[in-house]
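The values are calculated or read from the model by the stated rules, or taken from the named source; none is laboratory data. All of these numbers come straight from a predicted model, not from anything done at the bench. Note that we place each Cβ from the backbone using ideal geometry, even for glycine, and neighbour counts take in every protein chain shown.
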Amino acid sequence: MFTVRPYAPADAGAWDALVGRSRNGNFLHLRGYMDYHAERFVDASLVIERDGDIEAVFPANLRGTEVVSHAGLTYAGLIATPALRAESTLSVFQQVGDHYRALGVERIVYKAIPHVFHQSPAEEDLYALHRLGARLKRRDISSVISLQDPFHFTDGRKQSIGKARKAGVRIQTGGDIAEFHALLTETLRKHHAVPTHNLQELRLLQSRFPQNIVLHEAHVGDELHAGVLVYDFGKAVHTQYMASSEDGRRSEALSFLLAELINTVYADRKYFSFGISSEEEGTQLNSGLIAQKEYFGARAVVHDFYEWVL
């Protein structure tokens, strides 16, 4: 029998240990990452136990009469060990629904973890949602290179890389996160957007997870031309932020930097993720943005959101 109860701060160590041995969790789901902006959310996370041992966790926050898994994260669903099989997962979801229903919650928005970020197959949650009547609410399109399968850069991308090499672009790992954040902010401002994380938040997260949040830069001389902030999940890596200066666009520094990350730095991994290229809750495709990723050989993986009316 599995039991469901609310998360308490005293569970933090056991929660993190569970994420570490789970089939589908990563450092985004550790409390040190989740709680860096805890003041913005009403935590409604759950712990799933069997015989006193935690076998799964459910990151979530309460928003009015709605629970989201989790509004502060790109994705987060039921994070489970192999102890949860198909039938027990269905039972756990029924208990999760009963728990939130008793609190007056009317619906759950479930941000499923894409399979490329799983350590091993873990889609029992999607079957349980289907059985319980949840419906697909939103679908974003992301781009991922399967690094251990054949993939190809386009001729145009190869030419850009050659141009950068002739321009003397050089790559380094690490550097001034403040300089990169300023470049990122300027880049996004042109698209009427801002970074999800401000500089203080980014510094805090990098200090907590220095092996997982890694800055890679492309320079010409002493000038920063482009940067990529990588989230390293082990099996998969993800480009959380990318930015290029005007000089960087002329030198093709970002193309050169990405090629080095794909072909050398992270070549031994399984997946290289570029992130989503859809807008307005998945209803609009940014064709130019996704094409840039596809030129490197990336192809589609979806990020699904489900609505489960209780």
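Listing for the model above:
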{"read-out": "Candidates VAL19, VAL57, filtered to the one that is part of a strand (DSSP E or B) and not acidic (Asp, Glu)", "value": "VAL57"}
{"read-out": "Any pair with Cβ under 8 angstrom, 6 or more apart, that starts in segment 130-146 at a residue that is closer than 17 Å to LEU285 by Cβ and crowded, with 21+ Cβ neighbours inside 10 Å and ends at one that is modelled with pLDDT of 95 or more and of a type in the set (Lys, Arg)", "value": "SER143/LYS293; SER143/ARG299; VAL144/ARG299"}
{"read-out": "Entirely in segment 84-195, the helices (runs of 4 or more DSSP H) that have 1 or more residues that are at pLDDT below 95 and in contact with a strand residue (DSSP E or B) (Cβ under 8 Å, 6 or more places away or on another chain)", "value": "177-189"}
{"read-out": "Selection count where residues are over 17 Å from ARG250 (Cβ atoms) and crowded, with 20+ Cβ neighbours inside 10 Å, scope segment 181-196", "value": "2"}
{"read-out": "Selection within segment 275-310 - touching a Ser or Thr at 6+ places or on another chain (Cβ under 9 Å), among the aliphatic types (A, V, I, L, M) and either free of Cβ contacts under 8 Å to residues at least 60 places away in the same chain or part of a loop (DSSP other than H, G, I, E, B) (or both)", "value": "LEU289, ALA291, ALA298"}
{"read-out": "LEU202 vs. criteria in the same structural domain as PHE256 (by TED's automatic domain parsing), without any contact (Cβ under 8 Å) to a residue 60 or more places away in the chain and over 25 Å from PHE296 (Cα atoms)", "value": "yes"}
{"read-out": "First in segment 164-190 and over 18 Å from ASP222 (Cβ atoms), second anywhere and of a type in the set (Phe, Trp, Tyr) and surrounded by 16 or more Cβ atoms within 10 Å (Cβ to Cβ), Cβ under 7 Å, 6 or more apart", "value": "ARG165/PHE256; LEU184/TYR241"}
{"read-out": "Residue in segment 39-46 that is under 30 Å from LEU205 (Cα atoms), modelled with pLDDT under 95 and surrounded by fewer than 19 Cβ atoms within 10 Å (Cβ to Cβ) present", "value": "yes"}
{"read-out": "Residue match in segment 58-66 (condition: touching a residue at least 60 places away in the same chain (Cβ under 8 Å) and over 17 Å from the mean Cα position of the chain (by Cα))", "value": "no"}
{"read-out": "Subset tally (residues that are in a strand (DSSP E or B) and under 23 Å from HIS197 (Cα atoms)) for segment 231-274", "value": "14"}
{"read-out": "Qualifying positions in segment 216-236 - at pLDDT 95 or above, under 17 Å from GLY174 (Cβ atoms) and surrounded by fewer than 21 Cβ atoms within 10 Å (Cβ to Cβ)", "value": "HIS219, GLU223, ASP232"}
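For (1) of a type in the set (D, E, K, R); (2) assigned by TED's automatic domain parsing to the domain that holds LEU204; (3) over 25 Å from GLN211 (Cα atoms), each residue gets a yes or a no:
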site	(1), (2), (3)
ASP35	yes, no, no
GLY52	no, no, yes
ALA80	no, no, no
ALA86	no, no, yes
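Residues checked against (1) within 22 Å of TYR100 (Cα to Cα); (2) more than 18 Å from the chain's Cα centre (by Cα); (3) of a type in the set (Val, Ile, Thr):
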position: TYR7; (1), (2), (3): yes, yes, no
position: GLY13; (1), (2), (3): no, yes, no
position: ARG21; (1), (2), (3): no, yes, no
position: LEU28; (1), (2), (3): no, no, no
position: MET34; (1), (2), (3): yes, no, no
position: HIS37; (1), (2), (3): no, no, no
position: ASP43; (1), (2), (3): yes, yes, no
position: ARG50; (1), (2), (3): yes, yes, no
